[in-house]
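The values are calculated or read from the model by the stated rules, or taken from the named source; none is laboratory data. Quick caveat: nothing in here was measured; it's all calculated off a predicted structure. Quick reminder, even Gly has a Cβ in these numbers, built from the backbone with ideal geometry, and neighbours come from all protein chains shown.
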Amino acid sequence: MEKAFNVKQYNGFYFITCLCLFILYAPLLIVMIYSFNDSLSITRWGGMSLRWYYEVFYGLESEKFKLAAWNSLIIALMAATIATIVATAASIGMVRGGHFKGKSASFGLISLPIMVPEIVTAVATLIFFSAISFKLGVLSILVAHIVFCIPFAYLPISARLQGIEASYEEAAQDLYANRWKTFWHVLMPIMGPGIISGFLLGFIISLDDFIITNFVKGAGVETLPTAIFGAVKQGIKPNIMALSTLLLLFSVFLVTLSYFIGRKGNNLKTNK
Amino acid sequence: MAIKDAISLEGVRKDFGDFTAISNVTFDIADNEFFTLLGPSGCGKTTLLRMIAGFEETSAGKIKLYGDIIENLPPNKRPINTVFQNYALFPHMTVKENIGFSLKMLGWSKSDINDRVAEMVAMVKLEEFTDRKPSQLSGGQQQRVALARAMASKPKLLLLDEPLSALDLKLRKEMRSELKRLQRDTGITFIFVTHDQEEALSMSDRIAVMSSGKVQQIGNPSEIYDTPANRFVADFIGEANLLNATIQKIDGEKIICRLQSGQILTSKSSSKVNVGQSGTISIRPEKLIIKKQNFKGQYLEGKLGQSTYIGTDTQFEILLDKELSLTVRMQNSSLTSENYKNGDQVFLSIADDAAWFLLD
Ligand SMILES: Nc1ncnc2c1ncn2[C@@H]1O[C@H](COP(=O)(O)OP(=O)(O)OP(=O)(O)O)[C@@H](O)[C@H]1O
Ligand SMILES: [Mg+2]
């Protein structure tokens, strides 16, 4: 009998796996390690220290970074919230709305922005804003972020909704719930994990965005990524590494959270 | 009309595009009745139920609940509740919250909800499970929650779409009498959907037999079984020997027919018939008696074929001629020690009311 395919029996399986993981994570690891470096140099090791973390919070540039971080958080929170609301409504319309003309075209249009090169979207957004004389600033960043967060939030939310049988909503209506109560008491709690995943995905994407933000932010307004970029242009200092490490840990935390929420929600089945 | 019918359907039709799933269904269901829709898969039982519940719009016809026209009301405005085939219990709510859901939606006070939920929980014997989620319950327990949830608001009509089909045989039989008890105790009118004829015959006050979107016959279980309205009903309910026949003579109630094999048989019918018409004679296997000697009275002659032992009964095949054979079922306890051998010459005794004539 032929042996079942098992990737482990190939020579060098563990070596290749480790090599790939190393190539993927080495740059991140180096940044993390050197963020604890006591020396001013970014390449020579000068002993363990937390001085660059201190620098991030209390150093010369700390006010700038704090303001940028604050902008980033507020924008990400609001953009993700609004995008999630829009994406939830869109999912319900698309998944539960029955058949309508141009349904598949609508689906394509919702998810297309994910595939469009970001630089194109950035340029187009900037041109659009100046065409309607929209003042560049925090508000223009927010509007742009809401728009590009919608497709990302839409994907997990609509996937979740597709997995929910329509009979729950019918049961709720049968038991005297109107449309709104059906959504509030039955559909939304069951969709919950998808909605939270969509929100977190939108939040991370917004927090992390550089290209579009850089185009539409206007003079003097910074988010964390644009502030970091601005600082790096004058030469990489170890405090950037500390800041990047903090941002990385925060993102990892959010992704992990999203994973566990998604997994918890997977036991949808009530009946065998 | 002293008492209003619980629900009446007048010429109800449902089209899906070009396909007519329900055509011209008309019937009335009395208050407090256990009414069953019985029919093969795809005949439109669920569609009809969904129109009564309000999940599907009617293409034509009227639906009245205690005299009020309801076919234009949304489901949440109809005092009709459904036990879904897959139960559709809310997975994020406990048993208690599931059962109390309709009351909460109707705006009952917390203490009233608690009282009614406790009453319902006791009625379906789920006292130990009130704080569990549906996923922590067995299929039979989920079924009881679904029943309690649908009955909590004391609806005027309860619709049950094959509620027992997901349960194993033993539990299904238990739930049959349980359902009857619940219906008697609550006095709620039930419309019960099944494709299991045994379920239908044992539980219902009346049965509507459906096929391809039409009601074939409505009647109580013995009417449906003993006096089927047409060949479909005779064939679908229980087992039946169906023989093509032509009417030769009519003598009061007696319809004297000639079978294809040339033999003459006396039958009865509920339809208006004339000499010369052709149709089908239906004979239930248990109404035939095998005798070894010929005797006075109506009989058919044949040869004994296969016999099959099926526990309480034995089933025999009797060959009337090369092509035509009849199935006979006799209780083993009533069989004498005479042994029946393949190929034996036998006489089938047919009582006057055993043969039932159906017009084609
Ligand atoms: N939404 C729909 N669109 C088109 N056709 C439908 C729709 N719903 C049901 N039908 C058709 O209507 C017919 C009746 O379906 P229905 O579900 O009422 O059957 P049923 O008697 O409940 O069968 P079962 O015993 O298998 O549940 C079927 O032929 C089905 O294909
Ligand atoms: Mg059905």
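Worth a mention:
- Qualifying residue in region A:169-178 (condition: at positive phi and within 14 Å of chain B (Cβ to nearest Cβ)): yes
- Taken over region B:61-104, residues that are assigned to a helix (DSSP H, G or I) and either facing chain A (nearest Cβ under 9 Å) or not β-branched (Val, Ile, Thr) (or both) amount to 11.
- Tally, over region B:61-87, of residues that are of a type in the set (Ser, Thr, Tyr) and within 16 Å of ligand 2 (Cβ to nearest atom): 2
- Residue within region B:257-264 that is surrounded by 17 or more Cβ atoms within 10 Å (Cβ to Cβ) and not in a loop (DSSP other than H, G, I, E, B) present: yes
- Among the residues of region B:326-360, those identified as of a type in the set (Val, Ile, Thr) and buried (at least 18 other Cβ atoms within 10 Å of the Cβ) are B:Thr327, B:Val328, B:Val346, B:Ile350.
- Residue in region B:25-39 that is within 14 Å of another protein chain (Cβ to nearest Cβ), within 24 Å of the chain's Cα centre (by Cα), within 15 Å of ligand 1 (Cβ to nearest atom) and closer than 24 Å to B:Glu162 by Cβ present: no
- Residue that is surrounded by the fewest Cβ atoms within 10 Å (Cβ to Cβ) [pool: residues in region B:84-133 that are among the basic types (Lys, Arg) and within 20 Å of A:Ser167 (Cβ to Cβ)]: B:Lys104
- Pick from region A:161-200, criterion of a type outside the set (Asp, Glu), surrounded by fewer than 19 Cβ atoms within 10 Å (Cβ to Cβ) and outside any helix (DSSP H, G or I), ranking: farthest from the chain's Cα centre (by Cα): A:Asn178
- Checked against (1) crowded, with 18+ Cβ neighbours inside 10 Å; (2) away from ligand 2 (no atom under 16 Å from the Cβ); (3) of a type outside the set (A, V, I, L, M, F, W, C); (4) assigned to a strand (DSSP E or B), B:Thr58 passes all but a single condition, namely (4).
- Condition broken by B:Thr58, with the remaining ones in (1) away from ligand 1 (no atom under 16 Å from the Cβ); (2) free of Cβ contacts under 8 Å to residues at least 60 places away in the same chain satisfied: (1)
- Test result for B:Ile310, without any contact (Cβ under 8 Å) to a residue 40 or more places away in the chain, over 30 Å from B:Gly276 (Cα atoms) and among the hydrophobic types (A, V, I, L, M, F, W, C): yes
- Of the residues making up region A:91-117, not one is of a type in the set (Ser, Thr, Tyr) and part of a loop (DSSP other than H, G, I, E, B).
- Test: residue in region B:149-159 that is within 16 Å of ligand 1 (Cβ to nearest atom), within 29 Å of B:Gly42 (Cβ to Cβ) and in contact with a Gly (Cβ under 7 Å, 6 or more places away or on another chain): no
- All conditions in (1) at pLDDT below 90; (2) surrounded by 19 or more Cβ atoms within 10 Å (Cβ to Cβ); (3) of a type in the set (A, V, I, L, M); (4) farther than 23 Å from A:Ser167 by Cβ hold for B:Met175, with the sole exception of (4).
- B:Leu65 vs. criteria touching a residue at least 60 places away in the same chain (Cβ under 8 Å) and surrounded by 20 or more Cβ atoms within 10 Å (Cβ to Cβ): yes
- Selection from region B:162-199 of residues that are within 16 Å of ligand 2 (Cβ to nearest atom) and assigned to a helix (DSSP H, G or I): B:Gln197, B:Glu199
- Considering residues of region B:200-212 that are within 16 Å of ligand 2 (Cβ to nearest atom) and surrounded by fewer than 22 Cβ atoms within 10 Å (Cβ to Cβ) only, the residue farthest from B:Asp168 (Cα to Cα): B:Ser212
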